[in-house]
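Undergrad: Quick one: this structure, given as structure tokens, is what I'll be asking you about.
Quick note: the coordinates plus some simple rules give every number you see, no bench work behind them. Quick caveat: nothing in here was measured; it's all calculated off a predicted structure. Virtual Cβ from ideal backbone geometry, glycine too; neighbours counted across all protein chains shown.
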Ligand SMILES: CC(C)(COP(=O)(O)OP(=O)(O)OC[C@H]1O[C@@H](n2cnc3c(N)ncnc32)[C@H](O)[C@@H]1OP(=O)(O)O)[C@@H](O)C(=O)NCCC(=O)NCCS
């Protein structure tokens, strides 16, 4: 059975998302986590395809999509947002070939750092990445709790905050440069245009101490702060904002050594729903100052 690897077309993005959901649920069910993924619109993928098509690839066999990969670049950072193979086609070299194509994207863009977030329990993905010079660095936990619980656990004194808009792009980008070493201005433009997301800036006096996004689904993130000792207060205030919404669950994606964030999550009785790991070819970023949104957006 021959497999062709080629650039993906915009109209194929929804089918690729279906395959990704199938691949994730196959993996998480095999490891006892149940079927966690559900199909979402491919809007970030479409945004990224229009921005820089060099990072989006598909593997096709007999006219069917059997794998897909998606990487984005911001400044010197190349990030592998997705690499998924159909369950019945895994272990036959398709992932390796798709990874090679996305790594060409890193070469072409002159990226200095290569990174991704994968499942802690997937030995195959981690084996593949470490053979390509990318090593596990840091646990990151998807955590969630019932919104009703947050009313009983209570919040610290909320920080002063206001909603952010496209006029604040420079402030948002500066916070990312401080935490991650790169500007993600284009990604803020994308998130700020999403009607299901609200962005907030947090203040101590006149000083902006951080930003946080709160989705209508109750998910908090990304979050970035100017100083690591501000993360707990910013996260707690963002969770308080999320708790005023209507979602059943509240969730966040928390780096395993970001003690202040995990302390807040524990206080609100949030549970670890998915253990993941940051993988990269070199140390980068201050993960006490940044909470990713999810494994793809980072
Ligand atoms: C991870 C995934 C993308 C890899 O694609 P694939 O086509 O199955 O993998 P390949 O056959 O190209 O290569 C797998 C590599 O892992 C290696 N490997 C497998 N099990 C391993 C283990 N336990 N330890 C170390 N390496 C291992 C294989 O030897 C192979 O390397 P090689 O080609 O150098 O011999 C695919 O299995 C998948 O979609 N998994 C489920 C979803 C997922 O976890 N995606 C990654 C999200 S970031």
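Undergrad: Can you sort 191, 130 so the residue with the fewest Cβ neighbours within 10 Å comes first?
TA: On the way: 191 21, 130 12.
Taking fewest neighbouring Cβ atoms as first place, the list is 130, 191.
Undergrad: Using the number of other C-beta atoms within 10 angstrom as an exposure proxy, rank 66, 21, 220, 225 with the fewest first. Mind showing how you got there, number by number?
TA: Numbers: 66 22, 21 17, 220 25, 225 28.
Listed from fewest to most nearby Cβ atoms, that is 21, 66, 220, 225.
Undergrad: Only Cα pairs under 8 Å and at least 6 apart count here; give the relative contact order of the chain as a rounded whole percent.
TA: On the way: 598 pairs, mean separation 60.6, N = 298.
The value is 20 percent.
Undergrad: For the range 142-275, how big is Rg over Rh, using alpha carbon atoms and the Kirkwood form of Rh? Walk me through the numbers on the way to the answer.
TA: On the way: Rg = 13.9 Å, Rh = 14.8 Å.
On the Cα set of the range 142-275, Rg over Rh gives 0.94.
Undergrad: Here's a follow-up. Report relative contact order for the range 79-226 in percent, whole number only (criteria: Cα-Cα under 8 Å, sequence separation at least 6).
TA: On the way: 132 pairs, mean separation 21.3, N = 148.
Normalised by residue count, the contact order of the range 79-226 is 14 percent.
Undergrad: Along its three principal axes, how long is the chain when you only count alpha carbons? Whole Å, largest extent first please.
TA: 62, 40, 33
Undergrad: Express the relative contact order of the range 142-275 as a whole percentage, based on alpha carbon pairs under 8 Å and six or more residues apart in sequence. Walk me through the numbers on the way to the answer.
TA: On the way: 235 pairs, mean separation 46.3, N = 134.
Result for the range 142-275 is 35 percent.
Undergrad: Could you work out the percent of alpha carbon pairs in the range 204-298 separated by over 18 Å, rounded to a whole number?
TA: Numbers: 1902 of 4465 pairs.
Everything past 18 Å amounts to 43 percent.
Undergrad: Please order 71, 216 by the number of other Cβ within 10 Å, starting at the fewest. Kindly include the intermediate steps, with their values, before the conclusion.
TA: Working: 71 29, 216 14.
If I rank by nearby Cβ atoms, fewest first, I get 216, 71.
Undergrad: What does the highest-first list of 2-9, 235-242 look like by mean Cβ count within 10 Å? Mind dumping the intermediate values first?
TA: On the way: 2-9: 13.4, 235-242: 23.6.
Ranked by mean Cβ neighbours within 10 Å, highest first: 235-242, 2-9.
Undergrad: Considering only DSSP beta bridges with both partners in the chain, what is the antiparallel share in %, to the nearest 5?
TA: Values: 58 of 64 bridges.
Roughly 90 percent of the beta bridges in the chain run antiparallel, per DSSP.
Undergrad: Expressed as an acute angle from 0 to 90° and rounded to the nearest 10, what is the orientation of the C-alpha long axis of helix 94-109 relative to the principal long axis of the chain?
TA: 60
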